[in-house]
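Notes follow once the structure below has been shown.
The values are calculated or read from the model by the stated rules, or taken from the named source; none is laboratory data. Nothing here was measured: the structure is a model prediction, and the numbers come from that model. All Cβ positions, glycine included, derive from the backbone under ideal geometry; neighbour counts span all protein chains shown.
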Amino acid sequence: MTTGLTGPLAEIRVLEFASLAPAPFACTLLSDLGADVLRITNPADRGLTAEPHPGDPLDRGRSVAALDLKRPRDVETALELAAGADVLVEGFRPGVMERLGLGPDDCLKRNPRLIYARMTGWGQDGPLASRAGHDINYLAIAGALEPLGPFDGPPSPPLNYVADFGGGGMLLAVGVLAALVERERSGRGQVVDAAMTDGAAMLTGILHGLRARGLWQERRGENLLDGSAPFYATYTCADSRFVAVGAVEPQFYAQLVDRLGLADRIDPARQLDRTTWGEMRRLFTQAFASRARDEWAEEFAGTDACVTPVLTPWEASGHPHNIARGTFTKVAGHVQPAPAPRFSRTPAADPPTPPHQVARLDDYWPATGASGSPSIQ
């Protein structure tokens, strides 16, 4: 059992059933905020879910125990653990936990205060609920994929940031926190159904709002924020690295034009005149190609022109702002994002060392009275 936990969730106990990406991300968020997370793995599994790595943020902050959920004895142990938990997190297809005898009804019968959190791609119901899928598929039907990419090509998948992590794991964590708050009023647990399609759709809310105001064109490549505007785009520098430009507001745009040495060739007053965007992009491209990325970073330092170097994930920890903020940390010698957000009174601790294997689960959460669990060999 993890000890010495600090943070706003220091008294919360989370039972995590090992799965891939979104659910573990949610449990990392909960662990970072102080929750005591116990991950249950399958002893027969030799994949990513069974082999925690000290360099993987999705594995940090856990205790780990193996249970063979095809054995009634181990299912009973899992039920006893659920009886002592505040939150249970599972990321299987709909119906899997029910078939194991660990569905919401089974667990809530043992522990009516349990928050039973379910992470899936399509949700617990609907015509696609039982189908396989990945981030790109969930984005596609949520309307979140089509706006991404160049106007003259197919949509570009944003790695698996949006559905797996933003629309999935983050949504699940928000649902868990909301259910915990509600439980303080009602004294009762409930099921949280977090679907990546739902979360990805939520993330498109700004586009629906802009369209309702007549500020978003349906055709990709014709909008301020989709890369078509030359003042909201990326450019290649002399060293083949990149800068990001986000000078949307007129006062920031004027600084951009001035620092690029283009004040005599570009009229800032015509920023939103789309007929000028082709020439504007040509001039910006030419200017940025004349110097290295870090030279431009120095040129724009201290300005509000909204120009920043495009850093690789491995460079980001060395940026002065990230160093000052402590945005990254080291766990067992591996650089990882630090816990976020920040709390003034109950700050999160540094992430603990790699997950440790629990040899015995007897009285793992002794305050619940769920004792007498069989040992885990």
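For the range 147-196, a tally of residues being under 19 Å from the mean Cα position of the chain (by Cα) and more than 30 Å from Arg219 (Cβ to Cβ) returns 11. Residue pairs whose Cβ atoms lie under 6 Å apart, separated by 6 or more positions or on different chains, with the first residue in the range 341-353 and among the small types (Gly, Ala, Ser) and the second in a loop (DSSP other than H, G, I, E, B), are Ala348/Gly7; Ala348/Leu33; Ala348/Pro339; Ala349/Thr6.
Just a yes or no: is a residue in the range 195-216 in the same structural domain as Ala140 (by TED's automatic domain parsing), in a strand (DSSP E or B) and not aromatic (Phe, Trp, Tyr)? Within the range 195-216, one or more residues are in the same structural domain as Ala140 (by TED's automatic domain parsing), in a strand (DSSP E or B) and not aromatic (Phe, Trp, Tyr).
Selection of the range 119-130 for residues being under 22 Å from Leu159 (Cβ atoms) and over 17 Å from the mean Cα position of the chain (by Cα) yields only Trp122. Taken as a whole, the structure leaves Thr275 outside the set of residues that are closer than 30 Å to Leu260 by Cβ, modelled with pLDDT of 95 or more and β-branched (Val, Ile, Thr). Within the range 172-194, being buried (at least 21 other Cβ atoms within 10 Å of the Cβ) and either touching an Asp or Glu at 6+ places or on another chain (Cβ under 7 Å) or not in a helix (DSSP H, G or I) (or both) holds for Gly189, Val192, Ala194.
Evaluated against (1) without any contact (Cβ under 8 Å) to a residue 40 or more places away in the chain; (2) part of a loop (DSSP other than H, G, I, E, B), Asp226 falls short on exactly one condition, (1).
Filtered by the rule that a residue be out of contact with any Asp or Glu (no Cβ under 6 Å at 6 or more places or on another chain) and not in a loop (DSSP other than H, G, I, E, B), the range 154-169 gives Tyr161, Val162, Phe165, Gly166, Gly167, Gly168, Gly169.
Considering the conditions (1) closer than 21 Å to Phe151 by Cα; (2) out of contact with any Cys (no Cβ under 6 Å at 6 or more places or on another chain); (3) buried (at least 16 other Cβ atoms within 10 Å of the Cβ), His208 is excluded by exactly one of them, (3). For Arg220, the criteria (1) assigned by TED's automatic domain parsing to the domain that holds Gly126; (2) buried (at least 19 other Cβ atoms within 10 Å of the Cβ) hold in every case but one, which is (1). Exactly one residue out of Leu148, Leu114 is at pLDDT below 95 and among the aliphatic types (A, V, I, L, M), and it is Leu148. Would you check which residues across the range 240-260 are closer than 13 Å to Leu272 by Cα, part of a loop (DSSP other than H, G, I, E, B) and not β-branched (Val, Ile, Thr) and list them? If the condition is that a residue be closer than 13 Å to Leu272 by Cα, part of a loop (DSSP other than H, G, I, E, B) and not β-branched (Val, Ile, Thr), then Ala247, Glu249 are the ones that fit.
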